[in-house]
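See below for the structure under consideration.
Nothing in this text is a laboratory measurement; each read-out follows from the coordinates by a stated rule. What you see is a predicted model; the values in this text were computed from it and never measured. So basically every Cβ, Gly included, is an ideal-geometry build from the backbone, and we count neighbours across all protein chains shown.
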Amino acid sequence: MGAADVVPGVSGGTIALLLGIYDRLVHQIAQLSTAAGQVLRGRLRLGLATARRAEWAFLASLLTGIAIAVLGLVELVRLGIDRQPVALSAAFFGLVAMTVVTTRREVRQWRPGLAAVAAATAVVVFVLLGVRPGSVADPAVVVIIGAGALGVCAMILPGISGAFILLLLGLYDPITEAVADRHIATVALFALGAVIGLGLFSRLLQRLLERRRDVVIAVLMGLMAGSLRVLWPWPVGDPEAEGFGNSALGAPIAADAAVAFVTAGAAALVAWILHRLGAQREPR
């Protein structure tokens, strides 16, 4: 999940959905958010009791893995975006496309209305992602906190990349540079915003999953399908922006086509294997 969150156009939520831990993750985050709200309202005992019911081993292992990936891979991913954008974007294109296919099984009963919801969501996301991002130098404190809140909400949603949200806001470079260069103040402000956004959004998402799960899954499928625009390996425009940060679609380039198709196919196969492993581990 951490590696996916670093890449513009890919969401850690996609990986959670692929591995069959999405509902569990949202439930745990919402429970901790509820506990924090109870503590802030002065109901300390109730808040601590709520927090004790959380699956701390699951959350700790997940957060540790995400932190290791973000800190250890941010430079590698940035290097890959610069030097092998076509292969990297093709790999994630294949992974996300396969996740859309496998997620279909999460819907209990398909109806024409759900297909329409998924299709409409995909179209809206596809169009919105056509916005050409710029870059912000020296972002203000409130901007960094707000970016953290929006980015983490996107990280929970499969198909909506927190990294791409930062790219749209013009904050991808300053935030990733702050992580790579260990600028503690900037990272702390971003983390504060992430905590605020996570607390507010997770409970809403949990309620929607409990009451309208099939509709939510259809929307998530649309989000992932629409987000494939960002991962198309051959955008038009700046040749240095191939694969990432440029959502203007172009025709495949013959010299790169074989590598892109093989990489996308291999990633799709890995995604299918991961999905099967996740399905086998789901509690009966």
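Positive-end ranking of 195, 170, 80 along the dipole of the chain, with charges on Cβ about the Cα centre, is headed by 195.
Among 260, 185, 268, the largest mean-square fluctuation in a Gaussian network model of the chain (Cα springs under 10 Å) belongs to 185. So for the chain, averaging the separation of alpha carbon pairs under 8 Å that are six or more residues apart and normalising by length, what relative contact order in percent results? 34 percent. Proximity of backbone amide H atoms, modeled 1.01 Å from N, is registered between residue 248 and 236 at under 5 Å, excluding neighbours fewer than 5 places apart on the same chain.
Dipole magnitude for the chain: about 1640 debye, using +1 per Lys or Arg Cβ and -1 per Asp or Glu Cβ, origin at the Cα centre. Only helices reaching 20 angstrom along their own axis (Cα) with mean Kyte-Doolittle hydropathy no lower than 1.0 count here, and for the DSSP H runs of the chain these are 56-83, 85-103, 112-128, 141-156, 184-211, 213-231, 254-281. What FRET efficiency, computed as 1/(1 + (r/R0)^6) with R0 = 45 Å and r the Cβ-Cβ distance, is obtained for residue 45 and residue 82, rounded to the nearest 0.05? Efficiency computed from Cβ-Cβ geometry: 0.30. For region 179-239, trypsin sites (Lys or Arg not before Pro) meeting the loop criterion (DSSP other than H, G, I, E, B) and having at most 10 other Cβ atoms within 10 Å: 182.
Sparse packing (at most 16 other Cβ atoms within 10 Å of the Cβ) combined with a DSSP loop state is found for the following chymotrypsin sites (Phe, Trp or Tyr not before Pro) in region 62-147: 110.
Once Lys and Arg get +1 and Asp and Glu get -1 on their Cβ, which of 114, 63, 130 lies farthest toward the positive end of the dipole of region 53-136? The listed residue farthest towards the positive side: 114. Say the dipole of the chain comes from +1 at the beta carbon of Lys and Arg and -1 at that of Asp and Glu; which of 20, 151, 44 then lies farthest toward its positive end? Toward the positive end, the furthest listed residue is 44. Fewest-first ordering of 15, 273 by other beta carbons within 10 Å of each residue's beta carbon gives 273, 15. Among the trypsin sites (Lys or Arg not before Pro) in region 33-102, those placed in a DSSP loop whose Cβ has at most 15 other Cβ atoms within 10 Å are 41, 43, 53. Note on residue 211 and residue 108: the extension gain reaches 35.8 nm, defined as 0.36 nm multiplied by sequence separation minus the Cα-Cα distance.
When the chain is modelled as a GNM with alpha-carbon springs shorter than 10 Å, which of 28, 206, 109 fluctuates the most? Per the Cα network of the chain with a 10 Å cutoff, 109 tops the list.
Sorting 214, 5, 138, 181 by the number of Cβ atoms found within 10 Å of their own Cβ, with the fewest placed first, yields 138, 181, 214, 5.
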